[in-house]
1. Pop a pseudo-label 7 angstrom from the Cα along the beta-carbon direction at both R166 and E117 and give the gap in nm to one decimal.
2. Using the Karplus curve 6.51 cos²θ - 1.76 cosθ + 1.60 with θ = phi - 60°, work out ³J(HN,Hα) for each residue of segment 51-56 in order, rounded to whole Hz, and write x for Gly and Pro.
3. In what order do E109, E155 fall by count of nearby beta-carbon atoms within 10 Å, going from fewest to most?
4. Separation between the K45 and R235 pseudo-spin-labels, each 7 Å from Cα along Cα→Cβ, expressed in nm?
5. What number, rounded to the nearest 500 deg cm²/dmol, is the helix-based mean residue ellipticity at 222 nm of the chain, given -39500 (n - 2.57) per DSSP H run of at least four residues and division by all its residues?
6. How large is Rg over Rh for the chain, taking Rg from the Cα atoms and Rh as the Kirkwood inverse mean of 1/r across Cα pairs?
7. Place a point 7 Å from Cα of D200 in the direction of its Cβ. Which residues in segment 218-241 have their backbone N less than 14 Å from it?
Amino acid sequence: MFNIIIAENYDEVSREAFKIMKETVKKDNPVLGLATGSSPIGLYKKMIADHSSNGTSYAKCVTFNLDEYVGISRTHDQSYWTFMHENLFNGLDIPEENIHIPVGDGTDEEAECLKYEEQMKDYTVDLQVLGIGADGHIGFNEPGTPLDSVTHLMELTEVTRKDNARFFDDDINKVPTHAITMGLGTIMRSKKIIVIATSDHKADAIYGMIKGPVSTDCPASVLQNHPDVTVILDRAAASRL
């Protein structure tokens, strides 16, 4: 079931997402599922500002990130480990041992997928933050991914790699070809989910997620089967609804 919030601009989108995040963080030992990309950066800035200005502690939070590229080191400037530390964790008081991000250094991806899924089975994610790709992917679950999938190795589509090339000097050849990602089934175990999307570039994907059939053609459409999903959009992203 979707609760749809349409905001006027990106800052308001981020503010609405932060309201939900702050309520979750008030819980005892909250478990957060976190995303990378441009969509949640405004939310993360508000979390850091809240910690800095209001003293809100994130020390008891446990986090699990959705995904990580395969074939680059954690210290690479475009790894999601680096992204999360630069855009969130370095500004909070969360202990490093409470942070979980897949290791995609190319050592043994299949073993890492199994390990990550096993780690998550000890927890229930209270709030999962999601963006959405132009082709309807969530995490790195590309079209065609089984709707009951668990953490797995994913070959990235050309569409996704082109979208992400802007982070790699606009050179698609520098964009990794594979990633480790939570599966759709893993994501669906979360108690509550928020989806953040802005710009008309995402409008078709949002329509498919909310109005289209539940299908592997639009992986995000599986969220129609979740009982508690809040979708926070600007007017451009909501233009087809």
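Coordinate-derived values only; no laboratory data. Predicted model only: the values in this text are computed from it and were never measured. In this analysis, Cβ positions are derived from the backbone assuming ideal geometry, glycine residues included, and neighbour counts consider all displayed protein chains.
1. It works out to 3.3 nm between the two label points.
2. Whole-Hz 3J(HN,Hα) from phi for segment 51-56: 5, 5, 8, 10, x, 4.
3. Values: E109 21, E155 11.
In order of increasing Cβ crowding within 10 Å: E155, E109.
4. 2.1 nm
5. Numbers: 7 runs with 70 residues, N = 241.
Counting only the DSSP helices, I get -8500 deg cm²/dmol.
6. On the way: Rg = 16.6 Å, Rh = 17.8 Å.
In the chain, Rg relative to Rh is 0.93.
7. The answer is 235-241.
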